[in-house]
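Below you'll find the structure, written out as structure tokens, and then a few comments.
The values are calculated or read from the model by the stated rules, or taken from the named source; none is laboratory data. Quick caveat, the model's predicted, so the values are computed rather than measured. Cβ coordinates were reconstructed from backbone atoms using ideal geometry, including for glycine residues, and neighbour counts include every protein chain displayed.
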Amino acid sequence: MNNARILVVEDDADYGSSLADILDCKGYKTTFVTAAADALEKLKYQNYDLVISDVVMPGMSGLDFLRTVAKEYPLLPVVMLTAYGSIKEAVEATKAGAYGYFLKTVNQDEIFLTIEKALDVARLKEENLRLRQEIRELKGYMLPSRNDSMKRLIAEAAALAQSDVNVLLIGESGTGKEVVARFIHEKSRREGKPFVAINCQAYVETLMESELFGYKPHSFTGASAKGKQGKLEAVNGGTLFLDEIGELSTATQVKLLRVIENREIEPIGSVKPVPVDFRLISATNKDLKDAMAKGAFREDLYYRVSTVVLRLPALRERPEDILSFARHFLRIFTAEQKKPVLQFTAAAERALTDYPWPGNIRELKNVVEGAVALCHTTKIEVSDLRLGSYIPSNSYDFECSYADARSKFEKKYFTYHYEKAQGNISKISRCIKMDRKQVYKKLLASGIIQPRRNVE
């Protein structure tokens, strides 16, 4: 690495000065100090690419200095030099994080080769860290928003990250609840600890309990001989994200409430409590207060998990974000699929902004990914978006009869609500305030569903 900055720490002034001069002649920018304390002071105000340190020095020893550097500057490589080496000392230095360990009498070419290797490894580590950070930011939904309500939510989420209060995220499927949960985790003091996400809808009751609490070996029929560590124990100081918490059975709700209150769990088959430490963030697309009224969700658990409630707006409620998100996903998938630089046509952009997005950001992401795969030019057309039976507002035929125009609108309207309600006719009826039988007739007339004997 040309012009690399190297800090030399050597209490022998003659040897240290001589080594610094040689490194300068090799093209490095070298700083020389005679004590570990002076070196630590230099590191506070100057960035270095490598440190070369003596092992035996008055005051702070070279090994103690190495441990301090490894803790405070983990990406900074350190090469250790000593006049009187031993195997034990070399092992200690390696365990403490030294990249290399040499006797001062060794051939200098060997030392310089190690310096170059250490600089290359450090550069690759730094580049890898930077790329991982860029990818994490690029692939998340937590993008800068132009929507005022979303701006407030992001600011509130950042403030909540500074405490450990339980947070409940409410929003439709696909609005990015897990992304907000990860955002809170990554901004919090628990950032270096695990983020464990569980979809409560994905497990039957018995499996949900073993997933959360774990179990001891042979604690039930079919149990592993090794047992299993539960997610509540595995989170280990991090953040537990319970998605679709409204789907938990009442029995599991009781056990979760006990964990929240006592901060300890009892794995299945165990009589000894295990202490747990985690921050809880929950999410739901249900009305939990309605579930409480019906006895499906415990009131005491609700007030435990909802110390602070954040409501995520649907994508259709933040239309100013649609195109910026679509272009963001376009950049991702263009690069992933090794396509040439793509753009949306003006008509495609109008279709994107007109579409109601019942699946929210998740649906938008999937639509753009599919469009990139289908596009064989440099322009993504409306047809590439595959928005189904949806008709963009600018493509209505105003020369048609009123009956035809009404029929087209009704098909678009009922298709949207049918997809949003996932085919639940009763839910559509409540949402649009229309008699259930009338909804059924409209769905039939529009060709959205086929006739059947019994309406459920």
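Counting only helices (runs of 4 or more DSSP H) that sit wholly inside the stretch 231-343, those with at least 2 residues that are closer than 30 Å to Ala421 by Cβ are 250-262, 288-293, 299-305, 322-336. Listed by position, the helices (runs of 4 or more DSSP H) enclosed by the stretch 1-108 that each have at least 3 residues that are in contact with a helix residue (DSSP H, G or I) (Cβ under 8 Å, 6 or more places away or on another chain) and crowded, with 16+ Cβ neighbours inside 10 Å are 36-45, 62-72, 87-96. For the stretch 70-90, a tally of residues being of a type in the set (Asp, Glu) and either free of Cβ contacts under 8 Å to residues at least 12 places away in the same chain or touching a strand residue (DSSP E or B) at 6+ places or on another chain (Cβ under 8 Å) (or both) returns 1. Criterion first (more than 26 Å from Asn285 (Cβ to Cβ) and among the hydroxyl-bearing types (Ser, Thr, Tyr)) does Tyr402 satisfy it? Spelling it out, Tyr402 is indeed more than 26 Å from Asn285 (Cβ to Cβ) and among the hydroxyl-bearing types (Ser, Thr, Tyr).
Applying the criterion of being touching a strand residue (DSSP E or B) at 6+ places or on another chain (Cβ under 9 Å) and without any contact (Cβ under 8 Å) to a residue 40 or more places away in the chain to the residues of the stretch 329-348, the residue that is nearest to Pro319 (Cα to Cα) is Ala348. Residues of the stretch 389-446 that are assigned to a loop (DSSP other than H, G, I, E, B), at pLDDT below 85 and among the charged types (D, E, K, R): Asp397, Glu399. Only residues that are surrounded by fewer than 17 Cβ atoms within 10 Å (Cβ to Cβ) and at pLDDT below 90 were counted in the stretch 334-345, giving 7. Return a yes/no flag: does the stretch 194-201 have any residue that is at pLDDT 90 or above, part of a loop (DSSP other than H, G, I, E, B) and either at negative phi or out of contact with any Ser or Thr (no Cβ under 9 Å at 6 or more places or on another chain) (or both). Within the stretch 194-201, one or more residues are at pLDDT 90 or above, part of a loop (DSSP other than H, G, I, E, B) and either at negative phi or out of contact with any Ser or Thr (no Cβ under 9 Å at 6 or more places or on another chain) (or both).
Residue-wise test of (1) surrounded by fewer than 21 Cβ atoms within 10 Å (Cβ to Cβ); (2) in contact with a Gly (Cβ under 7 Å, 6 or more places away or on another chain); (3) over 26 Å from Ser188 (Cα atoms).
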site: Met208; (1), (2), (3): no, no, yes
site: Lys216; (1), (2), (3): yes, yes, yes
site: Glu233; (1), (2), (3): yes, yes, no
site: Gly237; (1), (2), (3): yes, no, no
site: Gly295; (1), (2), (3): yes, no, yes
site: Arg298; (1), (2), (3): yes, no, yes
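Among the residues of the stretch 167-174, is any under 17 Å from the mean Cα position of the chain (by Cα), acidic (Asp, Glu), farther than 20 Å from Leu256 by Cβ and not assigned by TED's automatic domain parsing to the domain that holds Ile332? Taking every residue of the stretch 167-174 in turn, none turns out to be under 17 Å from the mean Cα position of the chain (by Cα), acidic (Asp, Glu), farther than 20 Å from Leu256 by Cβ and not assigned by TED's automatic domain parsing to the domain that holds Ile332.
Kindly establish whether Ser163 is assigned by TED's automatic domain parsing to the domain that holds Asp277 and out of contact with any Phe, Trp or Tyr (no Cβ under 9 Å at 6 or more places or on another chain). So Ser163 passes the test.
For the stretch 114-121, the criterion of being under 17 Å from Leu7 (Cα atoms), at pLDDT 85 or above, of a type in the set (S, T, N, Q) and outside any helix (DSSP H, G or I) is satisfied by no residue at all.
Residues of the stretch 288-311 that are modelled with pLDDT of 95 or more and under 28 Å from Leu364 (Cα atoms): Val309, Leu310, Arg311. Of the set (1) part of a loop (DSSP other than H, G, I, E, B); (2) farther than 24 Å from Val309 by Cα; (3) not aromatic (Phe, Trp, Tyr), all apply to Glu209 but (1). Could you please find all residues in the stretch 91-109 being under 25 Å from Lys26 (Cβ atoms), of a type in the set (A, V, I, L, M, F, W, C) and free of Cβ contacts under 8 Å to residues at least 12 places away in the same chain? Result: Val106, single match.
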